[in-house]
Amino acid sequence: MKKILIFGGIIIVLFVVLILLTNQGSDTSNEEYYSQAVEPDQLEQQIEEEDSLTVYYFSPECHHCQETTPRLMPLADDMDVDMTLFNLLEHDQGWNNFNIESTPTVVHYENGEEVNRIVGAAPNEEFESFFNQVVLD
């Protein structure tokens, strides 16, 4: 009986360590992207002044954002899409100011007006199609 308890305890500890290491790795990779987020005034100015702007609205606590960010950001880099990031957890007024209903949301603006958006944790092919048809067109 004692051996079973020791063996069970070791298995539980290994699972906890594995979960902690897995979560720590994903947070670190997303943090490098999330740290590039702009402030609300800066985003409003960019939307007004730039001819073309693509914005990724996210929340670092959103499960779908945590899954999407490490796929979306390298894809955007590979396709030469310059994407501005906006943190809705840190700046909750952005939900209303930018008409965002859920995260993740990618919005493309041209001349201060929204052209199109993609909402949710879409597959890479959908993001790639969005970039090709809307952003890079």
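Evaluating residue 30 against the criteria (1) part of a helix (DSSP H, G or I); (2) farther than 20 Å from residue 114 by Cβ; (3) open to solvent by 90 Å² or more (accessible area, probe 1.4 Å) leaves one unmet condition, (3). For the stretch 49-60, filtered to residues that are more than 10 Å from the chain's Cα centre (by Cα) and assigned to a loop (DSSP other than H, G, I, E, B), the residue that is farthest from residue 134 (Cα to Cα) is 50.
Scanning the stretch 28-63 for residues that are under 18 Å from residue 101 (Cβ atoms) and touching a Pro at 6+ places or on another chain (Cβ under 6 Å) returns a single hit, 58. Answer yes or no as to whether residue 121 is of a type in the set (A, V, I, L, M, F, W, C) and over 16 Å from residue 36 (Cα atoms). Taking the combined requirement at face value, the residue satisfies it. When residue 47 is tested against (1) without any contact (Cβ under 8 Å) to a residue 24 or more places away in the chain; (2) open to solvent by less than 60 Å² (accessible area, probe 1.4 Å), just one condition goes unmet, and that condition is (1).
Residues of the stretch 99-113 that are within 16 Å of the chain's Cα centre (by Cα) and not polar (S, T, N, Q): 100, 101, 104, 106, 107, 108. Scanning the stretch 78-98 for residues that are within 15 Å of the chain's Cα centre (by Cα) and more than 21 Å from residue 63 (Cβ to Cβ) yields a total of 3.
The single condition from (1) open to solvent by 90 Å² or more (accessible area, probe 1.4 Å); (2) touching a residue at least 24 places away in the same chain (Cβ under 8 Å); (3) under 19 Å from residue 118 (Cβ atoms) that residue 63 fails is (2). Consider the stretch 66-79 and keep the residues that are surrounded by 19 or more Cβ atoms within 10 Å (Cβ to Cβ) and either in contact with a Leu (Cβ under 9 Å, 6 or more places away or on another chain) or not hydrophobic (A, V, I, L, M, F, W, C) (or both). The one that is farthest from residue 89 (Cα to Cα) is 73.
The values are calculated or read from the model by the stated rules, or taken from the named source; none is laboratory data. This one's a predicted model, so the numbers in the text were calculated from it and none came from an experiment. Note that we place each Cβ from the backbone using ideal geometry, even for glycine, and neighbour counts take in every protein chain shown. Ligands, DNA and RNA are excluded from the accessible area calculation, which covers all protein heavy atoms including side chains. Shrake-Rupley method; radii C 1.70, N 1.55, O 1.52, S 1.80 Å.
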